[in-house]
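Asks: Have a look at this one before I ask anything.
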Amino acid sequence: MSRSDEAKQLGFAMGEAYFQARGRLREHGVTVFSSNYPLYGDMSRRVMTILSQFSPEVEVYSIDESFLNLEGLRYCAPEGLQAYAHRIRHTVRQQTGIPTAIGIAPTKVLAKLANRLARQLPETERVCLLATLEQQRAALASTPVENVWGIGRRYAAKLRLHQVGTAAELAAMPEAWVRRHLGGVAGVRLWRELRGEKTLSWHGENLLPEEGEKTELARPRHSVICTRSFGKPQTALGPLQEAIATHVGRAAEKLRQQQRVAHLLTVLLGRDRYTGEPGPYTLSTVVPLLVATNDTLSLTKAALRGLRQLRQPGVAYTRAGVLLTGLEPAGQPQLSLFSAGETEQSAALMSTFDALNARFGRGTVRLAASGLDPSAFRSPAYTTDWQQLWHI
């Protein structure tokens, strides 16, 4: 049974705010934990380190997922790839306590599909190997098209309108049809991966070029957004300011990681659409910046100014966030006649800011406007803080 199925049986809606489900959570004895990103990041690093012992090429796809290149490892895996995968699972479980599922296939898209099938197996058997054409065809036939990596809800609906409901039916379509109905070159590459042809590169999201085609560079982001729902509706200005300041800090950190600066800042507030009150349920105001910046202090001042313009006294808000747009590379901003832009001292401060948070955990250093740590249910930092080590 999946987590979503369990939640439905208990009468919870996925994404439901804590304050709405508090009574039912207590009734069923559900334990609640806040996000603990330093712990998640440290455990992810440990798992990836273990995986690197089994393959010379490991591509970290997300905090809980990675690709391993197993080509040419026949001497390291004389027992066969299936047994080798079980050995990987056993090692990860033994050294971290984390259960895993492994899918093995000739291409990345097929490997993702195999991983999805592996997660449906009993916990002790979660390895799916798609080595032969027969195994791949059976897997494709049992996979709905919306479960194929790279096909979202919109494309899945479009494919079903053309009577393409499974991965096998998509793989059987002519290339010209796929190019016309599935996003051009990107869709053709996905289609080829389903048919066992390698077209996705390692260590990057970009697809390998076709013959005679120029290599695509990673496209820079056009915006950065940070938004979150409240545990309970907020009417007072103080909690809204703390939330907005917290989101600005995270968005500014992302900008600096990407070496980008923003020209426009949008403050977002959301209301509960299920109260029956007339809309709109999402409110926003745009705050132009005289000079593009990624400085947390400057962005926070602008965001709080926008919040005071947007907020209406007495109105309960269930969500808050910020959106940064008009991005351009850092270090070459268009200066304003009325502002000198960010100083070297400001850049040095932000660099120190990020270095401290990278070393001691996100949120260690933050603006006072962000308030106290809101993670009331966060588990201890068992693996990253000497004062919180697990005592057995």
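The values are calculated or read from the model by the stated rules, or taken from the named source; none is laboratory data. Since the model is a prediction, treat every value here as computed from it, not as a measurement. Every residue, glycine among them, receives a Cβ derived from its backbone with ideal geometry; neighbour counts consider all protein chains shown. These area figures cover heavy atoms from the full protein model, side chains too; ligands, DNA and RNA do not enter into them. Shrake-Rupley method; radii C 1.70, N 1.55, O 1.52, S 1.80 Å.
Asks: Carbon and sulfur together cover what percent of the accessible area of the chain at a 1.4 Å probe radius?
Replies: 54
Asks: Lysine pairs in the chain with alpha-carbon atoms under 30 Å apart, 8 or more places apart or on different chains: how many are there?
Replies: 18
Asks: Further question on the same structure: Kindly provide the pair-distance distribution of the stretch 11-163 built from C-alpha pairs, with 5 Å bins from 0 and whole-percent values in order of increasing distance.
Replies: P(r) for the stretch 11-163, in whole percents per bin: 2, 8, 14, 16, 16, 15, 12, 10, 6, 2, 1, 0.
Asks: Quick one: net charge of Tyr382's neighbours, Cβ under 15 Å, K/R +1, D/E -1?
Replies: Summing Lys and Arg as +1 and Asp and Glu as -1 gives +1.
Asks: Now a separate question. Could you tell me whether the chain comes out rounded, prolate or oblate from its Cα gyration tensor? Rule is a ≥ b ≥ c as square roots of the eigenvalues, rounded for a/c under 1.5, then prolate if a/b exceeds b/c, otherwise oblate.
Replies: Cα axes put the chain in the prolate bin.
Asks: While we're on this one: The chain: longest stretch without exposed GluC sites (Glu not before Pro) (DSSP loop, at most 15 other Cβ within 10 Å), sites themselves excluded?
Replies: Of all site-free stretches, the longest is 217-392.
Asks: How would the stretch 54-104 be classified by its alpha-carbon gyration tensor: rounded, prolate or oblate, with rounded meaning a/c under 1.5 and the a/b versus b/c comparison settling the rest?
Replies: Since a/c reaches 1.5 but b/c is at least a/b, the shape of the stretch 54-104 is classed as oblate.
Asks: Helix by helix, which DSSP H runs in the chain go 18 Å or more along their axis at the Cα atoms and have an average Kyte-Doolittle hydropathy of -1.0 or more?
Replies: 37-51, 237-257, 296-310, 344-360
Asks: Net charge near Leu356: determine it from the other residues with C-beta under 11 Å of the C-beta of Leu356, scoring Lys and Arg +1 and Asp and Glu -1.
Replies: +2
Asks: Given the -39500 (n - 2.57) contribution per DSSP H run of 4+ residues, what per-residue ellipticity at 222 nm results for the chain, rounded to the nearest 500 deg cm²/dmol?
Replies: One gets -12000 deg cm²/dmol as the mean residue ellipticity at 222 nm.
Asks: Here's something else I'd like to know. Just to confirm, what accessible area per residue do you get for the chain at 1.4 Å probe, in whole Å²?
Replies: In whole numbers, the chain has 60 Å² accessible per residue.
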